[in-house]
Amino acid sequence: RSYYGGNWASFSFSGLLSWIKENQQKTDIGDECEDWRKLILENEDVISLSKKDRTIQHVEDFCFGDQDSAEDVEEAGALPKLPVFGAAGDHEGAARDAAEGSGTEIASEGDSSHSSALEEATLESRKAEAASSESSAPEPKKITYSQIVREGRRFNIDLVSKLLYSRGLLIDLLIKSNVSRYAEFKNATRILAFREGKVEQVPCSRADVFNSRQLSMVEKRMLMKFLTFCLDYDQHPAEYQDYENSTFAQFLTTQKLTPSLQHFILHSIAMVSETGCGTLEGLQATKKFLQCLGRYGNTPFLFPLYGQGEIPQCFCRLCAVFGGIYCLRHPVRCLVVDKESGRCKAIVDHFGQRISANYFIVEDSYLSESTCANVSYRQISRAVLITDKSVLNTDSEQQVSILTVPPEGPGKPAVCVIELCSSTMTCMKDTYLVHLTCPSTKTAREDLEPVVLKLFNLNTEGETENEELEKPRVLWAVYFNMRDSSGVEKNAYDGLPSNIYVCSGPDSALGNDCAVKQAEAIFQEMFPTEEFCPPPPNPEDIIYDEDEIAPEEAGFSNSPEPKPESPTEESSSGGNTAIKKDDNEE
């Protein structure tokens, strides 16, 4: 590939259009070197790798905005086109450092009250600005397709839509490994629910509950009592042990909760299935949600500025600092296996170069159809929309929202909707980027279009009903199915040697725990006595032996400079977060 991160990648708008075209055409990789088989010895076998990526299917894109001619329009904007660096992460890092200013660095949990005060002050100032400008603001102009193309570098569109739990495994890993210094994050500002045809905000924290106007005083007490129980439910087994074989939804009906509270807890706090989730699983999910509240903001979630695709690039940066090389546009033809030992000993690339190694980590999509003949895959349905306003308008336009839309009916999945504003650096001003995700039952469009029609206006005609006019207008959309190879056991793959380790692509869960667990498991299999992602030393503190060569001297210094750490004061743009370990941790 010509980009970082595989199916975890983020693209500018033109980059995504190229990716769409590539996946609609599905062309094979051409053989640059036809005589690579001469490199295979008599006592060696070959495991051929796939020549095309089969993980993406049913790609359909639509333009609903004003389709003025965009044929001669080139991607422009404040961010200049930069070259791709060879060894590590972010090929737009320098431009990004200059854009928008830096955000808040949360130094420890003890400082969270300070950062909360800063965020509240920023929010209040934004509200005041919005109120003062509302009366004089002109009617917003319609966004045209050519504007989206021209501002294409303002977009960072993720192939996989996820959020980071503030006490999840990935945040812990980013802090421990110090990879967090290469990224900044924005708090998800609100949790939404879709009930009786309307989008509502869900009160989560204690302050939210007591400030809520949509709940009666009785409901507030009910909700607080139940959430308090969930935080230490394992200390009160008598409360739930009679319902361990029931669904979580059935358990909620016994807890003196109104139907609206049951809906909020099931779909927006626990975020679990109505029919497929047991009581214990639901209580665990609710507890996880509540434990993550308040660490960095009023919701449990963080979102990386510039998109989820930043995370792989951040790890690439650290890898490059210590001499690791990430090769773009470098296909691998085959794995070479020693017949006697049965172990993999080398790869052959498309230049006809043979590279030897002791361990081989292969992403599932690289394996051939014959190797995967006995593997049963799940699929993920994805949609990405560019819209002109939020699904729930409030005083502040800069909201990061997560919404769970309940299943349409039996056998249908719930749909997770994540709406990103322009301050996440993922879309241009006056637009929103909306991600929809669910486990597949059909094609992505068949799974997700009913939800899109409920929440958004797809009409391009002038005559539109008032109800439709209130909805956000979709300017552009793409649907696609992505393979979910998580949960596949290694023995399901046919004939792989013991020193080949297979990692999956993205899974359908909201968080990143699956990927972190898988990475650690593979590492521990290879190096059982080593610590996984230990805190790295500073490069300048490393003392090299005389016969060793520092990575910089070995020609590996083509990685981009790391972004400078953010100041502890909040910038005028406000609301961004740089995470680092607590001061009282070693």
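The values are calculated or read from the model by the stated rules, or taken from the named source; none is laboratory data. For clarity, every value in this text was computed on a predicted model and none was experimentally measured. Please note: Cβ atoms are built from the backbone with ideal geometry, for glycine as well, and neighbour counts cover all protein chains shown. The protein model used for the area step is the full one, side chains on, heavy atoms only, and it has no ligands, DNA or RNA in it. Shrake-Rupley method; radii C 1.70, N 1.55, O 1.52, S 1.80 Å.
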### Message
For region 287-355, I need the span (max minus min coordinate) of the C-alpha atoms along each principal axis, in Å, sorted largest to smallest.
### Response
57, 27, 22
#### Entry: Rounded to the nearest 10 Å², the accessible area of Phe210 at probe 1.4 Å
100 Å²
### Query
Ignoring ligands and nucleic acids, what accessible area does Val332 show with a 1.4 Å probe (Å², nearest 10)?
40 Å²
### Task
Taking the Cα centre of region 205-292 as origin, sum charge times position over the Cβ atoms of Lys and Arg (+1) and Asp and Glu (-1), and report the length of that vector in debye to the nearest 20.
460 debye
### Task
Leaving ligands, DNA and RNA out of it, rank Asp172, Asp53 by accessible area with a 1.4 Å probe, largest first.
Asp172, Asp53
### Message
For Ser246, project a label point 7 Å along Cα to C-beta. Then give me every residue of region 278-295 with its amide nitrogen under 13 Å of that point.
### Response
278-280
### Task
Would you work out what percent of the accessible area of region 294-409, with all protein chains in place, is carbon or sulfur (probe 1.4 Å)?
49 percent
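What ranking of Thr404, Thr394 comes out by heavy-atom accessible area, probe 1.4 Å, highest first?
Numbers: Thr404 15, Thr394 60 Å².
Highest to lowest solvent-accessible surface, that is Thr394, Thr404.
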### Under 12 Å from the Ala492 label point (7 Å along Cα→beta-carbon), backbone N, region 380-398
none
### Message
Exceeding 22 Å between C-alpha atoms, which entries from my cross-link table qualify? They are Lys176/Lys490; Lys287/Lys517; Lys442/Lys471; Lys186/Lys288.
### Response
Lys176/Lys490; Lys442/Lys471
### Task
Measure off 7 Å from each Cα along the Cα-to-Cβ vector at Ile542 and Phe210, then give the distance between these two points in nanometres to one decimal.
5.2 nm
### Summary
Rounded to whole Å², per residue accessible area for region 205-292 with a 1.4 Å probe reads 53 Å²
### Task
Roll a 1.4 angstrom probe over the protein heavy atoms and tell me the percent of accessible area of region 205-292 that is carbon or sulfur.
48 percent
## Note on the structure
For Pro300, the net charge from surrounding residues (Cβ-Cβ under 10 Å; K, R +1; D, E -1) works out to +3
### Task
Please list Thr254, Thr299 in order of solvent-accessible area, largest first, computed with a 1.4 Å probe with all protein chains present.
Thr254, Thr299
### Query
In percent, what relative contact order does region 202-352 have, based on Cα pairs under 8 Å that are 6 or more apart in sequence?
17 percent
### Message
Which of rounded, prolate or oblate describes region 205-292 when judged by the alpha-carbon gyration tensor and an a/c cut-off of 1.5?
### Response
prolate
#### Entry: Contour excess over end-to-end distance, with Cα ends at Val46 and Lys225 and 0.36 nm allotted per residue
58.2 nm
### Task
Let me have the relative contact order for region 205-292, percent, based on Cα pairs under 8 Å that are six or more residues apart.
32 percent
